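Structure record follows, encoded as structure tokens.
Nothing in this text is a laboratory measurement; each read-out follows from the coordinates by a stated rule. Values in this document were obtained by computation on a predicted structure and should not be read as measured data. Counting neighbours? That spans all protein chains shown, and the Cβs are built from the backbone with ideal geometry, glycine included.
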Amino acid sequence: MEKRKKFSELSSEEKRRRTQEYVQAYARYSGIAIQMIILIGGGAYLGVYLDGKYDTSPVWTVVFSLLGVVLSLLMLFKSLVAMQNFNKRMEAERRRREEGKNDK
């Protein structure tokens, strides 16, 4: 397995590309966290609203909170699979670029 170069050893193009990869990864993971917060919080809020409306103390809150957790975990799994496929494509592209440089 090839060892990754230190950031200070990279060319300006490689530094730009690596920085861009880090920013994209940060954005993806932040998006997943926000999505989970919205799903779980939205489920809890809906449950509290329905409990207040129908006077069924914790029933709907528990149901919709758990539903929010399950949905957020499903979305997390789906996102991680998509990211894994994306990372495989990017790694293959990086290898092709490096092979092209070595062939010159």
Legend entry - Nitroxide proxy distance, nm - points 7 Å out along Cα→Cβ at Lys78 and Ala33: 2.2 nm
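Fully extended, how many nm does the chain gain between Asp103 and Lys53 (0.36 nm per residue separation, minus their Cα-Cα distance)?
Working: separation 50, 0.36 × 50 = 18.00 nm, distance 7.04 nm.
Computed gain between Asp103 and Lys53 is 11.0 nm.
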Legend entry - Signed unit charges on C-beta, dipole axis of the chain, positive-most listed residue Leu71, Ser8, Ile38: Ser8
Inset, instruction - Could you give the size of the charge dipole of the chain about its Cα centre, using +1 on the Cβ of each K and R and -1 on the Cβ of each D and E, expressed in debye and rounded to the nearest 20? - result: 720 debye
Inset, instruction - Using the Karplus curve 6.51 cos²θ - 1.76 cosθ + 1.60 with θ = phi - 60°, work out ³J(HN,Hα) for each residue of segment 22-36 in order, rounded to whole Hz, and write x for Gly and Pro. - result: 5, 5, 5, 5, 4, 5, 4, 5, 5, x, 5, 4, 5, 4, 5
Legend entry - Max mean-square fluctuation residue, GNM over the chain, Cα-Cα springs under 10 Å, options Ser57, Ser11, Ser72: Ser11
Legend entry - Identified option (computed Kirkwood radius over Cα pairs in Å; candidates [x] 17.1; [y] 17.6; [z] 14.4): [x]
Legend entry - Cross-link reach list, lysines versus Lys5, counting only Cα pairs under 23 Å and skipping chain neighbours closer than eight places: Lys15, Lys88, Lys101, Lys104
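Using only DSSP helix segments of four residues or longer, with each worth -39500 (n - 2.57), what per-residue ellipticity at 222 nm results for the chain after dividing by its residue count and rounding to 500? Write down the numbers at each step before the final one.
Values: 2 runs with 88 residues, N = 104.
That comes out to -31500 deg cm²/dmol.
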Inset, instruction - Tabulate in residue order the Karplus-calculated ³J(HN,Hα) for segment 9-21, using 6.51 cos²θ - 1.76 cosθ + 1.60 with θ = phi - 60°, rounded to whole Hz; enter x for Gly and Pro. - result: 8, 8, 6, 4, 5, 5, 4, 4, 5, 5, 4, 4, 4
